[in-house]
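Visitor: Before I ask anything, here is the structure I am working with.
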Amino acid sequence: MKALEKYKTILFLTFLAICVLASLYFVTHNEGLYDRPIAEVTSSKIVETTDMEDITGNKDKVYIQELKAVLKNGKHKGETILLSNKYSMSGANDQRYKPGNELFVTIDDHQKGSKLTGNIDDVKRDLYLMIITWAFILFLLIVGKKQGLFSLITLAVNALILSYALDAYLNSQNISLLLACSVGVILFTLISLLMVNGFNEKTYAAVVATLICTFMTLLISYVVIRFTAGNGLRYEEMQYLTRPYQMVFMAGILVGCLGAVMDVAITLSSSIFGLFEKNPDISTEALRKSGFDIGKDIMGTMTNILFFVYISGGIPMLILYFKNASPLGFTLSMNLSLEMTRALTGGIGIVLAIPIGIYTAIYFVNRKRVTS
């Protein structure tokens, strides 16, 4: 039996190594699949340096970089192209290119001597994305093993479900985004918890608690926003949407708080069922007390995680506003009103998930006691 397990492990690792090497080879030799010209930088030199003042009043150096690159696809494949690149030290809207970088380019109609000239459109990043993706997959498989594999599958399935829900909403005027996301949330919860944790009472308790807490959080958010008329919420970042801002924001709250609520629910359910399995005679009161002790321990960290996740995206704009001496209240209101609301709403969901998750798990534990 051990020899068979070892053989399966070796076979799986071999298959995984082949997949990694094959995918990395593919993304480094797939230029022929692109319609846009791709050029690999072979040499670069700085031909000019100037000083300029940025929007915050700071001095910033700007460099003009002359590049030589070899085209890797299209009718000019193998020919050299001359490119010019302007970049700054801050690198906010530009970057410096080095030999080996692959760039999407536009070829000019005129030529400079015997060389082609062109402009840089973007960087070909699929190699780096593939490396990061495989690093994530390998770490997940090493730590989670079989459950890690199921987590990958559920992640892919959930991404497809979300994509389908958004496509259905965008392609139809009769489908509500909130309704589409609500159906998606139910499917996300069922697929994520059942596939990773199996079909058992522990998972059923986590599913019930997750759905109750998520939709209760949505209801509370809706009531508060409705009674306050959304005062204090700044929807400027959604100004290019052609759909109702408030509905899109509510859908974001629904999907955003799901992950944190699900995490708390399965943690509490697993803990309570773990205590019960070790000591089937443990009292309901002891389970309840242990559950609340665990809930208090994870409540602060989970709430902080939500805060950091939502606020981190606004740091560049906060720095820009503060550098221009904008008042604190105005800066926070303009840049963080939606993020703070999402974080606070997710915090409400986490707090609700503790008692609801505990009592739901205890209900399933007591039902298991009766049936056994």
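Visitor: Which three semi-axes in whole Å describe the equivalent ellipsoid of the stretch 218-364, each the square root of 5 times a Cα gyration tensor eigenvalue, listed largest first?
Guide: 38, 17, 11
Visitor: Something else: Determine, from the Cβ-Cβ distance of Ser326 and Val223 and an R0 of 30 Å, the FRET efficiency 1/(1 + (r/R0)^6), rounded to the nearest 0.05.
Guide: In this case the efficiency is close to 0.40.
Visitor: Another question, then. How large is the helix-only mean residue ellipticity at 222 nm for the chain, computed as the sum of -39500 (n - 2.57) over DSSP H runs with n ≥ 4, divided by its residue count, in deg cm²/dmol to the nearest 500?
Guide: On the way: 8 runs with 236 residues, N = 372.
It lands at -23000 deg cm²/dmol.
Visitor: A 32 angstrom limit on the alpha carbon distance is what I want to check against. Which of Lys8/Lys98; Lys145/Lys296; Lys8/Lys368; Lys98/Lys146; Lys72/Lys146 exceed it?
Guide: Lys8/Lys98; Lys8/Lys368; Lys98/Lys146; Lys72/Lys146
Visitor: On to the next question. Is the C-alpha gyration tensor of the stretch 99-226 telling us rounded, prolate or oblate? Criteria: a/c under 1.5 is rounded; beyond that, a/b larger than b/c is prolate, otherwise oblate.
Guide: Details: a/c = 3.73, a/b = 1.75, b/c = 2.13.
Since a/c reaches 1.5 but b/c is at least a/b, the shape of the stretch 99-226 is classed as oblate.
Visitor: Among Ala343, Phe330, Ala159, flag the residue with its Cα farthest along the positive direction of the charge dipole of the chain, charges on Cβ as +1 for Lys/Arg and -1 for Asp/Glu.
Guide: Checking the options against the dipole of the chain, the answer is Ala159.
Visitor: Now for a separate question. To the nearest 10 degrees, how steep is helix 201-228 against the longest Cα principal axis of the chain, on a 0 to 90 scale?
Guide: Around 70 degrees separate the two axes.
Visitor: Show me, for the stretch 283-296, the HN-Hα J-couplings you get by feeding each phi into the Karplus relation (A = 6.51, B = -1.76, C = 1.60, θ = phi - 60°), rounded to Hz, glycine and proline as x.
Guide: Rounded to whole hertz, the list is 7, 4, 5, 5, 5, 4, 5, 5, x, 5, 4, 5, x, 5.
Visitor: Now for a different question. Using a 10 Å cut-off around each Cβ, can you sort Phe150, Phe15 from fewest to most neighbouring Cβ atoms?
Guide: Details: Phe150 18, Phe15 10.
Lowest to highest Cβ neighbour count: Phe15, Phe150.
Visitor: Right, next: Compute the long axis of helix 245-278 from its Cα atoms, compare it with the longest principal axis of the Cα atoms of the chain, and write down the angle in degrees, 0 to 90, nearest 10.
Guide: Between the helix axis and the principal axis of the chain, the angle is about 50 degrees.
Visitor: Something else about it: For the chain, give the magnitude of the charge dipole about the Cα centre (Cβ charges: +1 Lys/Arg, -1 Asp/Glu; no others), in debye to the nearest 20.
Guide: So the dipole magnitude of the chain works out to roughly 960 debye.
Visitor: Pairing the Cα long axis of helix 328-371 with the longest principal axis of the chain, what angle in degrees results, from 0 to 90 and rounded to the nearest 10?
Guide: 40
Visitor: Sticking with this structure for a sec: Highest mean first, what order results for 168-179, 253-264, 213-224 on Cβ atoms within 10 Å? Before the final figure, lay out each step's value.
Guide: Working: 168-179: 13.2, 253-264: 22.8, 213-224: 18.4.
Ranking, from highest mean packing down: 253-264, 213-224, 168-179.
Visitor: Another one. In debye, nearest 20, what is the charge dipole magnitude of the stretch 176-371 about its Cα centre with +1 on Lys and Arg Cβ and -1 on Asp and Glu Cβ, if you could check?
Guide: Here the size comes out at about 200 debye.
Rule-based calculations on the coordinates, nothing more; no lab input. Just so you know, these numbers come straight off a predicted model, no measurement behind them. Glycine gets a Cβ as well: all are built from the backbone with ideal geometry, and neighbour counts include every protein chain shown.
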